[in-house]
1. Within the stretch 175-192, work out how many residues are surrounded by 15 or more Cβ atoms within 10 Å (Cβ to Cβ) and within 10 Å of the ligand (Cβ to nearest atom).
2. Counting only residues that are β-branched (Val, Ile, Thr) and farther than 11 Å from Leu149 by Cα, how many does the stretch 253-270 have?
3. Could you grab me the full set of residues in the stretch 84-115 that are among the β-branched types (Val, Ile, Thr) and under 17 Å from Asn278 (Cβ atoms)?
4. Step by step: first the residues of the stretch 235-252, then only those that are acidic (Asp, Glu) and at pLDDT 95 or above, then the one that is nearest to Leu196 (Cα to Cα). Which residue is that?
5. If I filter the stretch 200-218 down to residues being within 10 Å of the ligand (Cβ to nearest atom) and hydrophobic (A, V, I, L, M, F, W, C), which single residue comes out as surrounded by the fewest Cβ atoms within 10 Å (Cβ to Cβ)?
6. Please identify the pairs in which a residue from the stretch 247-260 that is within 14 Å of Ala203 (Cα to Cα) has its Cβ atom under 9 Å from the Cβ atom of a residue that is small (Gly, Ala, Ser) and outside any loop (DSSP other than H, G, I, E, B), counting only partners at least 6 apart or on another chain.
7. Which one is nearest to the ligand (Cβ to nearest atom), of the residues in the stretch 150-170 that are closer than 21 Å to Trp220 by Cα and of a type in the set (A, V, I, L, M)?
Amino acid sequence: MTARIIDGKIIAADLRTQVAREVERVKRDHGLTPGLAVVLVGNDPASEVYVRSKHTQTQAAGMASFEHKLPADVAQDDLLALVAKLNKDPAVHGILVQLPLPKGLETEVVINAIDPAKDVDGLHPHNAGRLAGGQPALAPCTPLGCIILSKTVHGSLEGLNAIVIGRSNLVGRPLVQLLLNENATVTIAHSRSRDLAALTARADLVYAAVGRPEMVKRDWIKPGATVIDVGINRIPTAEGKTRLVGDVAYAEVAEVAGAITPVPGGVGQMTVACLLVNTLRAACAIAGLPKPAV
Ligand code: NDP
């Protein structure tokens with residue numbers, strides 16, 4: 001195995017420490033306690049785990065954490081009323097509605113109701129549009145994490161050839177915009193792309209955000225390339241249990257890549273840490289303070 005393992009656990013812990021330091025500073029110097037409100041609708045077990053982890057990490061960073069749990073059959077108007085209340089609440093600087101929403105609720109309508117200044121998931125069209133226009137914006141957390149991980153390997157991404165496999169609003173598209181902002185040369189691939197292996201083989205930076213277990217193979221990878229695996233897939237084992245794998249065939253790709261993120265322990269670790277960064281940035285922007293150091 002040749003690849004350096006990019007340890008998301010350590011990098012995310014370092015980021016959380018930096019956020020906590022800045023939170024302490026804005027509290028001390030400006031009397032500002034950044035606050036994050038998370039709305040969970042229904043009781044999807046995976047979402048419950050994510051929300052719990054967000055709550056714990058928000059508090060550990062010294063921020064205020066507000067949890068709102070609503071039943072799966074909540075009326076959309078009631079959910080929108082809660083979002084409107086949080087938009088107005090001066091103690092809340094970040095609002096995150098945990099996705100996916102249960103059937104019957106319109107994700108787009110709910111996301112579009114969030115005040116863009118508090119949209120720490122970066123999914124509101126206002127933020128997506130600003131990001132696409134190269135303007136300062138709250139960007140989605142997972143792509144932000146991907147950029148930070150890549151920079152731990154390369155420092156600057158300028159001039160590197162990148163491929164992003166996947167074009168979702170949550171990951172692929174915003175990641176492309178962030179890479180362009182870093183002056184990388186970007187190819188966007190998706191389910192209709194032809195000869196994905198050949199496209200990927202040209203890239204110095206490979207981002208897999210597909211949701212297909214171990215799709216990216218060893219012979220797709222240029223020797224020495226950096227591989228960032230966003231995928232989280234649960235697959236059955238021979239013992240009748242399940243295990244997590246990414247979108248990259250980790251063991252074989254690690255033999256040719258220069259650096260690679262593991263699953264778990266890579267990108268997933270960065271997502272919540274970047275949510276804390278976004279909440280801190282949103283709080284400072286709303287309070288009219290300069291951008292924090294993280
Ligand atoms: P989506 O299902 O929304 O998007 C998947 C994308 O992959 C689509 O653009 C689709 O193309 C493309 N795709 C599907 N099949 C192929 C194929 N055979 N070849 C090339 N492209 C293909 O997924 P998300 O972006 O939300 O998530 C992607 C993965 O990342 C999932 O495993 C998810 O669990 C994980 N994830 C991890 C996070 C983390 O914190 N680590 C956070 C968010 C997601 P098309 O547009 O043409 O349909």
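1. Within the stretch 175-192, residues that are surrounded by 15 or more Cβ atoms within 10 Å (Cβ to Cβ) and within 10 Å of the ligand (Cβ to nearest atom) number 3.
2. Of the residues in the stretch 253-270, 3 are β-branched (Val, Ile, Thr) and farther than 11 Å from Leu149 by Cα.
3. Val92, Ile95, Val97, Ile111, Ile114
4. Filtering first and then ranking leaves Asp247.
5. Once the filter is applied, the top-ranked residue is Met215.
6. Close Cβ pairs satisfying both conditions: Ala259/Ser150.
7. It comes out as Ile165.
Per-residue answers, yes or no, for (1) out of contact with any His (no Cβ under 6 Å at 6 or more places or on another chain); (2) without any contact (Cβ under 8 Å) to a residue 12 or more places away in the chain:
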{"residue": "Ile5", "(1), (2)": "yes, no"}
{"residue": "Lys9", "(1), (2)": "yes, no"}
{"residue": "Leu15", "(1), (2)": "yes, no"}
{"residue": "Val19", "(1), (2)": "yes, no"}
{"residue": "Glu24", "(1), (2)": "yes, no"}
{"residue": "Gly35", "(1), (2)": "no, no"}
{"residue": "Val39", "(1), (2)": "no, no"}
{"residue": "Asn43", "(1), (2)": "yes, no"}
{"residue": "Ala46", "(1), (2)": "yes, yes"}
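The values are calculated or read from the model by the stated rules, or taken from the named source; none is laboratory data. Keep in mind the model is a prediction, meaning the values are calculated, not measured. Cβ sites come from the backbone with ideal geometry, for glycine too, and all protein chains shown count toward neighbours.
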